[in-house]
Amino acid sequence: MTTRSPWALEYARRPDEYVLGTAPSAFARMLRSLLVPGARVLELGCGEGRDSVFFASSGCDVTAVDVSAAGLRKAERLARRAGVEVRWVQSDAARYLPKDQFDFVYSCGAIHYVPRRLRAGLLARVKAATSPIGVHAHLVFTDRTIYVEQNERIDYFTAGELGRVYADWRVWWNGHGTITCDRDGRPHLHSVEELIARQPEA
Ligand SMILES: C[S@@+](CC[C@H](N)C(=O)[O-])C[C@H]1O[C@@H](n2cnc3c(N)ncnc32)[C@H](O)[C@@H]1O
């Protein structure tokens, strides 16, 4: 396993709670209008499922990958409650080999846990598994404001790193910012980068 994420332990420690909530993230809500019903969505690092269930509830055909069995159990419960189907895959995203084609590949706060030396391979694989009209959207932690939570070890994205991966695509949006967080009981900030890119021929 290549992840350095503390989240699997956190999900297992709190099996009856949704540590990250059940409402979709602001990033997922922002992207909703890009998705048509039936769009084939792949989420990397879906956690307890809040965004995958949101995409499925919007009519998308969703495959969601996470390393954490405890997270996926909660995600399944959330999908059942919402009355939607999602293909849940317990796998290390760094080793995941997509068998299908996707129209939309999405990650929110997850792929920075994949060590830098493996990230290029992961993103190259999912780019290759994207339909000609496909879009990718990622929100990652960057090294501008570092707050280490729960002893996590992260290869923070550096300036321009994500943009370089998508240099051969059309980048629609590439923004930097900070998000507030208090998951460890102390209010703090994380610097983030968001990127939305589409296939060049789309
Ligand atoms: C901060 S949580 C975000 C979860 C979800 N995207 C959300 O916003 O609710 C990060 C997630 O990435 C997952 N993760 C970390 N490394 C991973 C890897 N190598 N493969 C698959 N999932 C991974 C963790 O298990 C965790 O669920």
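Distance between the C-alpha centers of region 35-67 and region 132-202? Whole Å please.
19 Å
What is the sum of charges, Lys and Arg at +1 and Asp and Glu at -1, for the other residues whose Cβ falls under 9 Å from the Cβ of Phe27?
Value of the local net charge: -1.
For region 7-198, what's the relative contact order in percent, using C-alpha pairs closer than 8 Å and at least 6 residues apart?
Reported as a whole number, the value is 17 percent.
Mind checking the full-extension length gain between Gln150 and Asn174? Use 0.36 nm per residue of separation minus the Cα-Cα distance, one decimal, nm.
5.8 nm
Find the accessible area per residue for region 7-198; the probe is 1.4 Å, ligands and nucleic acids are left out, and the unit is Å².
So region 7-198 comes to 46 Å² accessible per residue, rounded to a whole number.
Just to compare against my own numbers: the Cα pair-distance distribution for region 7-198, 5 Å bins, whole % per bin, please.
1, 8, 17, 21, 23, 17, 10, 3, 0
Using a 1.4 angstrom probe on heavy atoms only, work out the carbon and sulfur share of the accessible area of region 7-198 in %.
Solvent-exposed carbon and sulfur of region 7-198 make up 52 percent of the total.
The values are calculated or read from the model by the stated rules, or taken from the named source; none is laboratory data. Not measured: the values here are computed from a predicted model. All Cβ positions, glycine included, derive from the backbone under ideal geometry; neighbour counts span all protein chains shown. Surface areas here come from the heavy atoms of the whole protein model, side chains and all, with no ligands, DNA or RNA. Shrake-Rupley method; radii C 1.70, N 1.55, O 1.52, S 1.80 Å.
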